[in-house]
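One structure is given here, and the rest of the page talks about it.
FYI, it's all coordinate maths here, none of it is from the lab. Since the structure is predicted, the reported quantities are computational estimates derived from the model, not experimental observations. Cβ coordinates were reconstructed from backbone atoms using ideal geometry, including for glycine residues, and neighbour counts include every protein chain displayed.
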Amino acid sequence: MIAASPGLAAVPPATRAAASFLAFDFGTRRVGVASGNTLTRSATPLETISAIGDARFEAIARLIREWRPDALVVGVPRHPDGKAHENTLRAQRFARSLGGRFGLPVHEVDERYSTVEAAARGARDLDAEAAAVILEQFLGNRE
């Protein structure tokens, strides 16, 4: 589910206000989180949430209150050939839950190899760094 801001495409990139994002590397046991914005087109790993159910969403709510993002980005895993698998559907369900709970636009990003890239960067927190990789990919693909 990719949400676009109304009127965003009609405004030249140089005149748009900077938008901020929180990105999530979804996992059934852990969720990596990163922040970033369109001004710098970079992302910073924040933390890994090691909680499930309501506790997970309470931690995310805390981060949303703290960082006040304009939108959220969720990495959606796929097989190397692009086909969906069980975790693809879980990540998409997580993305829909975020949108419904927090009322923010949610963008899905193909996150194949984000953990490999995070490891290659020498990440201390692999999940949070993978979220940064996902967000940088998203920011790099925006106009």
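Determine, for PHE94, PHE24, PHE102, the number of other Cβ atoms within 10 Å of each Cβ, and report the residues in order from fewest to most.
Least to most surrounded, the residues fall as PHE102, PHE94, PHE24.
How would you classify segment 27-97 from its alpha-carbon gyration tensor, with a ≥ b ≥ c the square roots of the eigenvalues: rounded for a/c under 1.5, else prolate if a/b is greater than b/c, otherwise oblate?
Taking the square roots of the gyration eigenvalues as a ≥ b ≥ c, segment 27-97 is oblate.
Run the numbers for ARG65 and ARG121: contour at 0.36 nm per residue of separation, minus the present Cα-Cα distance, in nm.
Taking 0.36 nm per residue and subtracting the Cα distance, the gain is 17.3 nm.
Cut-off 10 angstrom, C-alpha nodes, Gaussian network model of the chain. Which of GLY99, GLY53, GLY32 fluctuates the most?
Result for the chain, Cα springs under 10 Å: GLY53 fluctuates most.
Considering Cα pairs under 8 angstrom that are at least six residues apart, work out the relative contact order of the chain and quote it in whole percent.
33 percent
Within the chain, what percent of beta bridges assigned by DSSP are antiparallel, to the nearest 5?
Close to 55 percent.
When the chain is fully extended, how far beyond the present Cα-Cα distance does GLU58 get from ARG96, taking 0.36 nm per residue of separation?
Once the chain is fully extended between GLU58 and ARG96, it gains 12.1 nm.
As a test of the formula, what do you get for the chain when each DSSP H run with n ≥ 4 contributes -39,500 (n - 2.57) and the sum is divided by the residue count, at 222 nm and rounded to the nearest 500 deg cm²/dmol?
Estimated from H runs of four or more residues: -12000 deg cm²/dmol.
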